[in-house]
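The values are calculated or read from the model by the stated rules, or taken from the named source; none is laboratory data. Being a predicted model, the structure only gives us computed values, none of them experimental. Methodologically, a virtual Cβ is constructed for each residue, glycine included, from the backbone with ideal geometry; neighbour enumeration extends over all protein chains shown.
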Amino acid sequence: MRLFSDSIGRKAVVAITGLFMVLFVITHLLGNSTIFVGPDGINAYAEKLRGLGPFVWAFRTFMGVMLVLHVIFAVLLTLENRAANPGKYAVKKMLKTTFAGETMIWTGLLLLAFIVYHLLQFTVRVTPDVVLGNDAKNRFDVFTMVFSSFRITPIALIYVAAMVTLFLHLSHGIQSIFQTVGLNNEKTMPQFTILGKLLSALFLVGYSAIPVLILAGILAK
């Protein structure tokens, strides 16, 4: 119960749940990258996922719990830190943290809003831009759904902006995970800082490439 009752435990919850979400971001990027193969690539990938049935929903439920815990405890820690000594906390932030570190709570909340939008668009499929249908092999046509949405400039720009936000959040968040679990010290901190920035840049480029290439007409049907 210490995980929930003191600041050290709450930091551990934020770190562990954050780690699971970073692993999900990596896995999700690998799956989404099948769109570069063409319609058959991403449609076949989506069909395999659909065939997993209960496993997929169990995984989604688990990740949903991780997300909720991460958000709740991150907000609690931020409020506690500011309430403890507002003046000293503000000065400490300005002196020792980067812009990404200072804005963690805000980039996190923006990402939460984006996740809700993303789920409504491509999972629940209730946004007006979504085009539904099956391909020639009678599989759900994920390629057309994604392609038609990202041909709309504001939607493509929302996704790129969200990935910039993800870059800022994880460029600080990844190194914070290692620090919280006790792996970050004077010798390893530079390496973990570089790792966080490299992974964040990879996510930015990898995820943004899809809407950008579709909007530019390079990735076409």
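Numbers for the structure displayed
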read-out: Of all residues in the stretch 176-193 being of a type outside the set (S, T, N, Q) and in contact (Cβ under 8 Å) with a residue 40 or more places away in the chain, the one that is surrounded by the fewest Cβ atoms within 10 Å (Cβ to Cβ); value: 181
read-out: Tabulated pairs, the stretch 30-47, first in contact (Cβ under 8 Å) with a residue 24 or more places away in the chain and surrounded by 17 or more Cβ atoms within 10 Å (Cβ to Cβ), second basic (Lys, Arg) and not in a helix (DSSP H, G or I), C-beta under 6 angstrom, 6+ apart or interchain; value: 43/139
read-out: Residue tally, condition farther than 13 Å from residue 42 by Cβ, touching a helix residue (DSSP H, G or I) at 6+ places or on another chain (Cβ under 8 Å) and assigned to a helix (DSSP H, G or I), over the stretch 126-156; value: 4
read-out: Entirely in the stretch 1-80, the helices (runs of 4 or more DSSP H) that have 1 or more residues that are closer than 28 Å to residue 133 by Cβ and hydrophobic (A, V, I, L, M, F, W, C); value: 7-32, 39-51
read-out: Filter result for residue 163 (in contact with a Ser or Thr (Cβ under 9 Å, 6 or more places away or on another chain) and surrounded by 17 or more Cβ atoms within 10 Å (Cβ to Cβ)); value: yes
read-out: Flag if residue 200 is closer than 22 Å to residue 109 by Cα, part of a helix (DSSP H, G or I), within 14 Å of the chain's Cα centre (by Cα) and of a type outside the set (A, V, I, L, M, F, W, C); value: yes
read-out: Members of the stretch 99-146 found to be among the polar types (S, T, N, Q), under 28 Å from residue 170 (Cβ atoms) and surrounded by 13 or more Cβ atoms within 10 Å (Cβ to Cβ), listed by number; value: 103, 107, 121, 127
read-out: Residue that is farthest from residue 19 (Cα to Cα) [pool: residues in the stretch 177-204 that are at pLDDT below 90 and hydroxyl-bearing (Ser, Thr, Tyr)]; value: 188
read-out: Close pairs from the stretch 194-209: first without any contact (Cβ under 8 Å) to a residue 24 or more places away in the chain, partner assigned to a helix (DSSP H, G or I), Cβ under 7 Å, at least 6 apart; value: 195/174
read-out: Residue check, residue 116 of a type in the set (A, V, I, L, M), modelled with pLDDT of 90 or more and not in a helix (DSSP H, G or I); value: no
